[in-house]
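Chemist: Right, I'll just put the structure down here and ask away after.
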Amino acid sequence: MAGGGMAALGVKKERAAEYKGRMTWAVAMACLVAAVGGSIFGYDIGISGGVTSMDPFLEKFFPVVFRRKNSGHQNNYCKYDNQGLSAFTSSLYLAGLVSSLFASSVTRNYGRRASIVCGGISFLIGAILNVAAVNLAMLILGRIMLGVGIGFGNQGVPLYLSEMAPAHLRGALNMMFQLATTLGIFTANMINYGTQNINPWGWRLSLGLAAAPALLMTVGGLMLPETPNSLIERGRSEEGRRVLERIRGTADVDAEFMDMTEASELANTIENPFRNILERRNRPQLVMAVCMPAFQILTGINSILFYAPVLFQTMGFGADASLYSSVITGAVLCLSTLISIGTVDRLGRRKLLISGGIQMIVCQVIVAVILGVKFGTDKQLSRSYSIAVVLVICLFVMAFGWSWGPLGWTVPSEIFPLETRSAGQSITVAVNLFFTFVIAQAFLSLLCALKFGIFLFFAGWITVMTVFVYIFLPETKGVPIEEMVLLWRKHWFWKKVMPDMPLEDGWGAGDGGRADDKNHS
């Protein structure tokens with residue numbers, strides 16, 4: 001348990017205006033290498049759907065699905081409904097969920113770099129097992145190792161990016177993770193498009209090329225500097241200050257270093273971060289750590305990205321056309337992430353999340369209407385309506401790419417105090433992977449059962465999450481990561497949930513920090 005009084009607050013006052021520094025090459029290169037972890041996550045999302053639509057792969061590992069796919073008498077919505085095929089995709093995320101809980105202690109006790117390196121090595125092993133797979137057991141084991149890599153990578157990389165970035169550029173730099181994810185998806189789609197006609201081993205090439213970003217992540221992780229926050233937390237304050245001076249490009253880092261030191265003093269009094277995160281004063285961050293990643297998956301984006309070729313083939317596209325369409329959606333996702341990087345630190349998180357949510361709702365409803373009226377269980381979409389569906393799905397993907405895609409990771413990674421940061425990120429990753437597993441495992445069955453209604457199902461969830469952001473999420477733009485705890489006491493709802501602060505440094509007990517509201521309105 002933390003000590004009483006002001007010690008329980010970590011950072012005692014706001015020093016953001018005193019922060020010095022600029023964007024340096026050290027930060028740029030560190031973030032670029034670290035963000036490669038996102039490309040691994042994205043590559044797997046993109047590669048899975050393409051591989052599971054390839055006939056040689058299905059014939060070898062899932063002959064029942066292969067026969068059903070090539071049967072002219074099967075319900076269009078149910079051709080790929082197979083729990084074994086779903087398990088090929090979803091087993092990775094279940095393994096990632098479990099490993100992310102262990103990754104928390106590695107990240108806290110050994111540093112952010114250690115988690116990144118562990119993730120790269122695990123993913124490299126998984127890629128080797130997959131490319132050499134001779135039976136389903138070996139294939140699934142490879143997927144499990146990929147999952148372990150994703151659990152560690154998704155734990156370490158967003159934290160690393162948040163802690164290395166200057167406060168005024170944190171949103172854009174943190175989105176390097178999402179940009180790398182989208183680049184990984186686009187690259188996977190392009191590779192699938194190129195390997196689909198390489199018989200019978202094209203699928204092995206698609207799966208095996210995952211080793212390239214895994215190797216880059218491992219080597220890059222070994223060369224990265226550790227974050228100042230982690231060094232200070234582990235008692236290496238002098239080294240932490242030297243790194244801070246180097247990445248900020250100035251020796252005048254007293255204010256930021258003081259914030260990190262105060263946060264570290266509290267962090268080191270916490271024996272059990274997971275127990276501490278359940279306390280009332282951490283309730284807002286805990287809610288966001290659960291809701292933001294859950295909502296990100298419940299947009300339905302992963303269903304489209306996992307099963308894009310399968311989904312387009314279900315709608316009547318040929319094999320070439322379906323993979324080509326998935327390449328287009330991957331490119332749109334990648335480009336739209338650049339929009340978010342360029343606007344997130346000017347427009348803020350809330351505006352992007354709300355506007356993106358509204359556009360996604362409209363797109364999901366339009367697709368549902370087109371499929372409901374013009375597409376049935378035994379007929380194909382006309383060319384004009386097929387083009388319309390692809391265009392609307394691209395608009396949906398675009399909205400996700402500038403809103404919930406990057407911000408679903410950015411917001412949780414920047415809101416936790418140091419004492420619970422690794423535990424909070426672990427919860428975020430675990431929730432994300434749990435819902436990814438559930439949707440990946442259930443999507444093909446839901447598609448068979450709900451048909452076009454699957455798009456209305458996701459539209460309903462997007463409505464819920466858009467309202468949630470409007471009501472409960474304060475704007476975190478430009479707030480230093482070590483002072484984020486003070487932000488919640490100014491929010492109309494969360495200040496009622498959190499316990500009173502002692503009277504010190506201008507913060508009156510029970511006033512929720514209103515004495516300083518005029519400085520942050």
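The values are calculated or read from the model by the stated rules, or taken from the named source; none is laboratory data. The shown structure was predicted, so the numbers you read here are calculated from the model rather than taken from an experiment. When we count neighbours, we look across all protein chains shown, and the Cβ atoms used for this are built from the backbone with ideal geometry, even at glycine. Just so you know, the surface numbers come from the protein's heavy atoms only, side chains and all, with ligands and any DNA or RNA stripped out. Shrake-Rupley method; radii C 1.70, N 1.55, O 1.52, S 1.80 Å.
Chemist: Convert 20 °C to kelvin, take the viscosity as 1.002 mPa s, use the Kirkwood radius over C-alpha pairs of the chain as Rh, and evaluate the Stokes-Einstein diffusion coefficient in µm²/s, rounded to a whole number.
Modeler: 92 µm²/s
Chemist: With a point put 7 Å past each Cα toward its Cβ, work out how far residue 355 is from residue 222 in nm, to one decimal.
Modeler: Here the modelled spin labels are 4.4 nm apart.
Chemist: Next question, about the same structure. Whole-Hz Karplus ³J(HN,Hα) for the stretch 226-237, in order, using 6.51 cos²θ - 1.76 cosθ + 1.60 and θ = phi - 60°, x for Gly and Pro?
Modeler: 6, 6, x, 4, 5, 4, 5, 4, 9, x, 10, 5
Chemist: Return the whole-Å distance between the Cα centroid of the stretch 108-148 and the Cα centroid of the stretch 220-239.
Modeler: After rounding, the separation between the Cα centres reads 25 Å.
Chemist: Net charge around residue 222, counting only other residues with Cβ within less than 14 Å of its Cβ (Lys, Arg = +1; Asp, Glu = -1)?
Modeler: Net local charge, residue 222 excluded: +1.
Chemist: Sticking with this one: At a probe radius of 1.4 Å, what is the per-residue accessible area of residue 169, in Å² to the nearest 10?
Modeler: Only protein atoms counted, so the area is about 50 Å².
Chemist: Any chance you could run the full-extension gain for residue 287 through residue 335? It's 0.36 nm times the residue separation minus the Cα-Cα distance, nm to one decimal. Please list the in-between numbers first.
Modeler: Working: separation 48, 0.36 × 48 = 17.28 nm, distance 3.04 nm.
Difference between extended and current length: 14.2 nm.
Chemist: Separate question: Note down the net charge around residue 424, summing +1 for each Lys or Arg and -1 for each Asp or Glu among other residues with Cβ under 15 Å from its Cβ. List each step's numbers first, then the result.
Modeler: On the way: positive: 108, 112, 275, 281, 283, 421; negative: 163, 233, 279, 414, 419, 482.
Around residue 424, the charge tally is 0.
Chemist: With every protein chain present, what accessible area does residue 79 have (1.4 Å probe, heavy atoms only), rounded to the nearest 10 Å²?
Modeler: Roll a 1.4 Å probe over it and residue 79 shows about 40 Å².
Chemist: What's the percent breakdown of Cα-Cα distances in the stretch 337-477 across 10 Å bins, shortest bin first?
Modeler: With 10 Å bins starting at 0, P(r) equals 11, 33, 34, 16, 5, 1.
Chemist: Here's something else I'd like to know. Taking 0.36 nm per residue of separation and subtracting the Cα-Cα distance, what length does fully extending residue 212 through residue 464 add?
Modeler: 86.8 nm
Chemist: Per the helix-only calculation at 222 nm, which mean residue ellipticity applies to the chain, given -39500 (n - 2.57) for every DSSP H run of n ≥ 4 and division by its residues, nearest 500 deg cm²/dmol?
Modeler: Numbers: 26 runs with 374 residues, N = 521.
Value at 222 nm, helices only: -23500 deg cm²/dmol.
Chemist: If the chain between residue 138 and residue 365 were fully stretched, how many nm would it gain, using 0.36 nm times the residue separation less the Cα-Cα distance?
Modeler: On the way: separation 227, 0.36 × 227 = 81.72 nm, distance 4.04 nm.
Answer, rounded to one decimal: 77.7 nm.
Chemist: Additional query: Within the chain, what's the longest run with no chymotrypsin sites (Phe, Trp or Tyr not before Pro) in a DSSP loop and at most 16 other beta-carbon atoms within 10 Å? Give the range, please.
Modeler: In short, 202-491.
Chemist: Here is a further query. When the Kirkwood radius is taken over all Cα pairs of the stretch 175-300, what Stokes-Einstein diffusion coefficient follows at 25 °C and 0.890 mPa s, in µm²/s?
Modeler: Once the numbers are plugged in, D ends up at 129 µm²/s.
Chemist: Report the Cys residues of the chain lacking a disulfide-compatible partner, meaning no second Cys Cβ under 4.7 Å from their Cβ.
Modeler: 31, 118, 291, 334, 363, 394, each lacking another Cys Cβ under 4.7 Å.
Chemist: Just to confirm, what accessible area per residue do you get for the chain at 1.4 Å probe, in whole Å²?
Modeler: 36 Å²
Chemist: Something else now. Points 7 angstrom from Cα along the Cβ direction at residue 438 and residue 238: gap in nanometres?
Modeler: Placing both labels 7 Å along Cα→Cβ, they lie 5.1 nm apart.
Chemist: A follow-up question, please. Work through the residues other than residue 352 whose Cβ is under 12 Å from its Cβ and net out their charges, Lys, Arg +1 and Asp, Glu -1. Show your work: numbers first, answer last.
Modeler: Working: positive: 346, 349, 350, 351, 477; negative: 345, 475.
Spelling it out: positives minus negatives among the neighbours equals +3.
Chemist: Over the stretch 335-395, consider all pairs of different Cα atoms and compute the Kirkwood hydrodynamic radius from their mean reciprocal separation; express it in Å, one decimal.
Modeler: Radius from the Kirkwood sum: 13.4 Å.
Chemist: Ignoring ligands, DNA and RNA, what percent of the accessible area of the stretch 71-161 is carbon or sulfur (1.4 Å)? If you can, show how the numbers build up before the last one.
Modeler: Details: 2090 of 2910 Å².
Of the solvent-accessible surface of the stretch 71-161, carbon and sulfur hold 72 percent.
Chemist: From Cα coordinates alone, what are the radius of gyration and Dmax values for the stretch 51-171 in angstrom?
Modeler: 18.5, 59
Chemist: Past 25 Å, Cα to Cα: identify those pairs from 69/451; 20/496; 60/451; 20/495; 79/374, in the order given.
Modeler: Details: 69/451 17 Å; 20/496 34 Å; 60/451 28 Å; 20/495 30 Å; 79/374 19 Å.
With Cα atoms farther than 25 Å apart: 20/496; 60/451; 20/495.
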